[in-house]
């Protein structure tokens with residue numbers, strides 16, 4: 001194991017300890033004009049890429065054999081639950097500004113902007129779980145890879161028609177055990 005490999009492993013460990021979840025490191029070959037190789041740090045859910053870069057900068061001096069933080073790739077994977085919860089948290093910050101983006105991009109944009117959606121309060125976790133159940137149902141019902149687009153578009157229509165507070169109340173009712181999720185799915 002090279003000094004760089006040991007330092008990359010140590011940086012991943014330090015970051016993992018700091019954020020309270022595993023951070024993996026890997027080396028994807030040399031970086032070239034055509035290939036974005038080099039060192040990579042990867043984690044699931046948790047902090048945004050920007051936050052992780054900032055944390056890595058705090059520790060960079062301890063790992064002098066590694067390339068500058070700007071040359072390390074940061075990859076944040078997600079669980080479906082965290083992605084759905086992130087969407088709702090993102091919408092809650094300013095539901096009207098979300099309409100500046102087409103609803104089909106909301107999941108990606110909201111997850112990229114939301115810190116630690118998997119550690120949100122229980123009420124948001126429950127809502128995220130309900131929303132994700134609707135997405136799963138749409139995938140099954142339509143046998144299509146666009147279940148998330150169908151559900152997010154229907155959610156956007158509900159927000160426009162009823163407002164955000166009423167949409168949250170509706171979503172909370174859907175989470176109750178006696179309710180079957182019902183979101184109008186359009187072709």
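The values are calculated or read from the model by the stated rules, or taken from the named source; none is laboratory data. Note that the coordinates shown come from a computational prediction; the quantities given were computed from them, not determined experimentally. All Cβ positions, glycine included, derive from the backbone under ideal geometry; neighbour counts span all protein chains shown.
Here are the numbers for the structure shown:
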| quantity | calculated |
| --- | --- |
| Options 120, 98; residue that is assigned by TED's automatic domain parsing to the domain that holds residue 155, touching a helix residue (DSSP H, G or I) at 6+ places or on another chain (Cβ under 7 Å) and modelled with pLDDT of 95 or more | 120 |
| Residue check for residue 78: out of contact with any strand residue (DSSP E or B) (no Cβ under 9 Å at 6 or more places or on another chain), surrounded by 14 or more Cβ atoms within 10 Å (Cβ to Cβ), over 20 Å from residue 163 (Cα atoms) and in contact (Cβ under 8 Å) with a residue 24 or more places away in the chain | no |
| Tally, over the stretch 1-13, of residues that are over 22 Å from the mean Cα position of the chain (by Cα) and more than 15 Å from residue 38 (Cβ to Cβ) | 5 |
| Conditions (1) surrounded by fewer than 18 Cβ atoms within 10 Å (Cβ to Cβ); (2) under 22 Å from residue 44 (Cα atoms); (3) free of Cβ contacts under 8 Å to residues at least 40 places away in the same chain: number failed by residue 113 | (3) |
| Test for residue 54: is it farther than 30 Å from residue 165 by Cα and surrounded by fewer than 17 Cβ atoms within 10 Å (Cβ to Cβ) | yes |
| Identity of the residue in the stretch 9-39, modelled with pLDDT under 95 and surrounded by 15 or more Cβ atoms within 10 Å (Cβ to Cβ), that ends up nearest to residue 80 (Cα to Cα) | 39 |
| Filter pass, residue 66 being crowded, with 17+ Cβ neighbours inside 10 Å, farther than 20 Å from residue 119 by Cα, under 23 Å from the mean Cα position of the chain (by Cα) and not assigned by TED's automatic domain parsing to the domain that holds residue 119 | no |
